[in-house]
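To start, the structure itself, in structure tokens.
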Amino acid sequence: MTAWTNWARTATAIPHRTVSPRDPEEAAAAISAAAREGRTVRPLGSGHSFTPVGAPQDAVALDLSRWTGIVRADPGTGLVTVRSGTPLHQLNAELDALGLAMANLGDIDRQTVAGAISTGTHGTGARLGGLATQVEELELLLADGSTRTCSPRQEPELFDAARVGLGALGVITTVTLRCVPAFALAADEHPEPLDGVLERFDDLVRDNDHVEFYWFPHGSNTLVKRNNRLPDDRPPRPLHPVRHFLEYEVLENRVFGALCRVGRGVPALVRPLNRLCGSTWSSRSYSDRSHRVFTTPRSVRFVESEYAVPREALHDVLTELRAAVGRLEHPVMFPVEVRVAAADEIWLSTAYRRPTAYVAIHQFAGMPYRHWFRTFEDIATAAGGRPHWGKVHGLDADELRGRYPRFEDFRRVRSAVDPHGTFRNPYLDRVLGPP
Ligand SMILES: Cc1cc2nc3c(=O)[nH]c(=O)nc-3n(C[C@H](O)[C@H](O)[C@H](O)COP(=O)(O)OP(=O)(O)OC[C@H]3O[C@@H](n4cnc5c(N)ncnc54)[C@H](O)[C@@H]3O)c2cc1C
């Protein structure tokens, strides 16, 4: 049996068998067969979670890569129903051809639509929520092989649980998204000292549709990225393809990857390299189709942890983190990323009922990261932080319960739809408790 591993190679598993259904009927048959044998079932996304949330150890793994594409779209309402295994890059291209787009996206487009919503994948923008807030209806296959449709009007509790459902409730077969007319974004990126960014962060967040910044932790400079909707009558001015290739592929991936390998080989060089990277950030302005601005290629492998903290706690969290950097056992090669999102109503969303700032920390693959991540976790949890379900963290159900007011409601819905734990795995047992 072929071993499964995630993108970051932080989780591996050997499934009992892998089934690649061509339609929901074949998927339902695979679930029923697994249930009869007393086996667990794990729907596979594209393996881009850093946690073992998607690990199919000893399970019947459902590979949904043959279940892709848009089923129907109504350009008038923006409602688009898409098969759950569709990768976001394919979805974006198909939407573009229909004159539609996702209102907000994360940093990359390699995830499947079901995998992305299931862990609460988000981008940035204080007036917008994560990808799951763009979902209007879900169709799921349950452990008994039956089909359920849920939306705000039909089975609303299942809908509130399943939009960020961690793959713990069933197999999502289709996702209906509320899309928006296709739009272009004007991107403006420039370096700025961290102190200044923190001081005027509220203004930056208020005055821009999407804002984020990167900060190399051993330096004091940031790269601030602001993306704003381009008026419809202004044609986008994309980067020249050669410049796009040089800056994104060569500088941000190949050159940065080479520097990371130097730092991994000679840790004493990490701090100066960090400062060098931070001081060579340059300004860049262009505009392009929204999905080409939101997402970028990422070929340098890393490990990541991310916490959602109350927006008003961001300043203190970063100040503490900055103070802690000097006490770390090992230097950190990768930048910290800060983003924001609006409050939402999804039970296990990291932004449930609070305007949120996201702080993500990273380390280059193969370099020591545990002390850095633990230090960050202590600071973020003291601020009431909620960890991204798909990124490295050490919390368990007892610690998470107090952070999610609807945690027990989620568990109740889970017990109702999956009474025998067909969709459990060790990570879900840890973060949700046994079914
Ligand atoms: C380079 C990189 C960049 C990233 N950028 C961002 C970012 O900008 N913002 C952000 O929030 N996150 C980001 N992430 C995290 C990533 O978006 C999430 O971990 C996401 O869940 C990965 O999607 P996937 O398709 O790979 O799902 P997987 O990781 O494969 O699976 C995630 C969960 O979804 C379940 N699942 C998959 N398909 C189904 C289905 N059909 N029905 C029910 N459950 C299902 C799986 O069983 C598992 O429980 C990034 C990750 C990487 C590696």
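For segment 223-248, the set of residues classified as under 23 Å from Glu306 (Cβ atoms) and in contact (Cβ under 8 Å) with a residue 40 or more places away in the chain consists of Leu223, Asn227, Tyr248, listed by residue number. Looking only at segment 193-227, residues that are open to solvent by less than 40 Å² (accessible area, probe 1.4 Å) and either of a type outside the set (D, E, K, R) or at pLDDT below 95 (or both) come to 21 in all.
If the condition is being within 11 Å of the ligand (Cβ to nearest atom), small (Gly, Ala, Ser) and either open to solvent by 60 Å² or more (accessible area, probe 1.4 Å) or assigned to a loop (DSSP other than H, G, I, E, B) (or both), then segment 4-31 contributes Ala8, Ala11. Taking the stated definitions as given, is Leu239 part of a loop (DSSP other than H, G, I, E, B) and hydrophobic (A, V, I, L, M, F, W, C)? When the stated conditions are applied, Leu239 passes them.
A count restricted to segment 396-435 and to residues that are open to solvent by less than 50 Å² (accessible area, probe 1.4 Å) and within 21 Å of Ile117 (Cβ to Cβ) stands at 16.
For segment 168-196, the set of residues classified as farther than 30 Å from Arg72 by Cα and in contact with a helix residue (DSSP H, G or I) (Cβ under 7 Å, 6 or more places away or on another chain) consists of Ala187 only. Inspection of segment 387-394 identifies at least one residue that is more than 21 Å from Pro193 (Cβ to Cβ) and open to solvent by 40 Å² or more (accessible area, probe 1.4 Å).
Being surrounded by 20 or more Cβ atoms within 10 Å (Cβ to Cβ) and either β-branched (Val, Ile, Thr) or not assigned by TED's automatic domain parsing to the domain that holds Gln363 (or both) is the filter here; which residues of segment 277-299 pass it?
Here is the first cut: in segment 277-299, the residues surrounded by 20 or more Cβ atoms within 10 Å (Cβ to Cβ) are 277-278, 287, 290-294.
Answer for segment 277-299, where residues must be surrounded by 20 or more Cβ atoms within 10 Å (Cβ to Cβ) and either β-branched (Val, Ile, Thr) or not assigned by TED's automatic domain parsing to the domain that holds Gln363 (or both): just Val293.
Quickly run through segment 268-299 and pick out the residues that are of a type outside the set (Gly, Ala, Ser) and more than 27 Å from His48 (Cβ to Cβ). Before you say what the answer is, go through the steps one by one.
So in segment 268-299, the residues of a type outside the set (Gly, Ala, Ser) come out as 269-277, 280-281, 284, 286, 288-289, 291-298.
Residues satisfying the conditions are Leu269, Arg271, Pro272, Arg275, Leu276, Thr280.
Leu432 meets the stated requirement of being within 30 Å of Ser32 (Cα to Cα) and either within 12 Å of the ligand (Cβ to nearest atom) or at pLDDT 95 or above (or both).
Listed by position, the strands (runs of 3 or more DSSP E) contained in segment 32-118 that have at least 1 residues being within 14 Å of Thr18 (Cβ to Cβ) and either in contact (Cβ under 8 Å) with a residue 12 or more places away in the chain or near the ligand (Cβ under 8 Å from one of its atoms) (or both) are 41-44, 60-63.
Ser151 meets each of the listed conditions (1) more than 9 Å from the ligand (Cβ to nearest atom); (2) open to solvent by 10 Å² or more (accessible area, probe 1.4 Å) apart from (2).
Would you pick out the residues in segment 54-81 that are among the β-branched types (Val, Ile, Thr) and surrounded by fewer than 24 Cβ atoms within 10 Å (Cβ to Cβ)?
Our first condition is that a residue be among the β-branched types (Val, Ile, Thr); within segment 54-81, this holds for 60, 68, 70-71, 77, 80-81.
Of everything in segment 54-81, those that are among the β-branched types (Val, Ile, Thr) and surrounded by fewer than 24 Cβ atoms within 10 Å (Cβ to Cβ) turn out to be Val60, Thr68, Ile70, Val71, Thr77, Thr81.
Here Gly394, Gly421, Gly390 are screened, and the one residue that is at pLDDT 95 or above, more than 16 Å from the ligand (Cβ to nearest atom) and outside any helix (DSSP H, G or I) is Gly394. Counting only residues that are more than 9 Å from the ligand (Cβ to nearest atom) and outside any strand (DSSP E or B), which one in segment 131-148 is surrounded by the fewest Cβ atoms within 10 Å (Cβ to Cβ)? Residue satisfying both the conditions and the ranking: Ser146.
Among the residues of segment 119-130, the ones that are more than 6 Å from the ligand (Cβ to nearest atom) and either polar (S, T, N, Q) or assigned by TED's automatic domain parsing to the domain that holds Ala351 (or both) come to 1 in all.
Taken over segment 154-178, the residue count meeting the criterion of being open to solvent by less than 20 Å² (accessible area, probe 1.4 Å) and assigned to a helix (DSSP H, G or I) is 4.
The values are calculated or read from the model by the stated rules, or taken from the named source; none is laboratory data. If you're wondering where the values come from, they're calculated on a predicted model, not measured in any experiment. For neighbour counting, all protein chains shown are included, and Cβ atoms are generated from backbone atoms with ideal geometry for every residue, glycine included. These accessible areas exclude ligands, DNA and RNA; they are computed on the full protein's heavy atoms, side chains included. Shrake-Rupley method; radii C 1.70, N 1.55, O 1.52, S 1.80 Å.
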